[in-house]
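Notes follow the structure.
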Amino acid sequence: MPQVADSGRKTVRRRSAAPDAVPSRVLHKGQQTRLVILDAALSLAAQAGLEGLSIGALAESTGMSKSGVFAHFGSREELQISVIHEYFQRFEQEVFYPAIKEARGLPRLRALFENWMKRVTEEIQSGCIFISGAIDFDDRPGPVRDALATSVRVWLAAVERAATLAKEEGQLVADADERQICFEIHGLILSVHYEARFLQTPGSIERAQRAFEQILARYSSGGP
């Protein structure tokens, strides 16, 4: 499972090493094929949700045989979990990693929110796998739900850590509740998806941005 590291610490990502016995050219081709399937699966999941994924649907969309897809994902559940992991990895690359280049504290917290909002605006038409997945699997225990919940918890922990660093830098009041701040920021994201995607309310993005500034103002210490 890919993981977002603490916002104030070095991020380390490890992947399982490939067996030495597998020729590199074969492994490379296999990885490329797997990525092609995952790209198609991500597009399908964005439109139809994780429940809309199936080996047959992917075989049709990629022009592969069912057995060819099955060779990379031995079951529908494994496919769904792989899509969650790939989605989260891309989320990290677009939202988290650019933000940690910013200074500790409010600059980093702002960057996390701005990058998150940028991704939200891109997903208003296609949909967010985390949000649609939560609807599909909120009351269905199992590995798919666990993968979804773990991904979201890891991400929210990074946002909370950024708020903690802002407090440590003296930019937020000493008694600021970083978990509450994270909760409110997450609430803005969920509200934007609902207002902009479902209700198609004009100005939803701008309202969320103003609300974010109000959150920071409410907890600001007035420091640097």
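Within region 200-224, the residues that satisfy the criterion of being under 23 Å from the mean Cα position of the chain (by Cα) and without any contact (Cβ under 8 Å) to a residue 60 or more places away in the chain are Q200, S204, E206, R207, R210, A211, E213, I215. Does at least one position in region 28-44 carry a residue that is closer than 23 Å to A149 by Cβ, open to solvent by less than 30 Å² (accessible area, probe 1.4 Å) and at pLDDT below 90? No, region 28-44 has no match at all.
Restricting E94, E114 to residues that are in contact (Cβ under 8 Å) with a residue 24 or more places away in the chain, under 23 Å from R207 (Cβ atoms) and open to solvent by 50 Å² or more (accessible area, probe 1.4 Å) narrows the list to E94. Which one is nearest to H186 (Cα to Cα), of the residues in region 203-224 that are of a type in the set (G, A, S) and surrounded by 17 or more Cβ atoms within 10 Å (Cβ to Cβ)? My answer is A208. The residue that is nearest to the chain's Cα centre (by Cα), among those in region 76-91 that are open to solvent by less than 50 Å² (accessible area, probe 1.4 Å) and farther than 16 Å from A158 by Cα, is Y87.
Just one of the listed residues (A158, A134, A162, A103) is more than 12 Å from the chain's Cα centre (by Cα) and open to solvent by less than 10 Å² (accessible area, probe 1.4 Å), and it is A162. Evaluate region 126-145: report whether one residue or more is more than 26 Å from D39 (Cβ to Cβ) and in contact (Cβ under 8 Å) with a residue 60 or more places away in the chain. Scanning region 126-145 turns up no residue that is more than 26 Å from D39 (Cβ to Cβ) and in contact (Cβ under 8 Å) with a residue 60 or more places away in the chain.
The values are calculated or read from the model by the stated rules, or taken from the named source; none is laboratory data. What you see is a predicted model, and the numbers here were worked out from it, not measured in a lab. Glycine also receives a Cβ, built like all others from the backbone with ideal geometry; neighbour counts cover every protein chain displayed. The accessibility values were calculated without ligands, DNA or RNA, using every heavy atom of the protein model including side chains. Shrake-Rupley method; radii C 1.70, N 1.55, O 1.52, S 1.80 Å.
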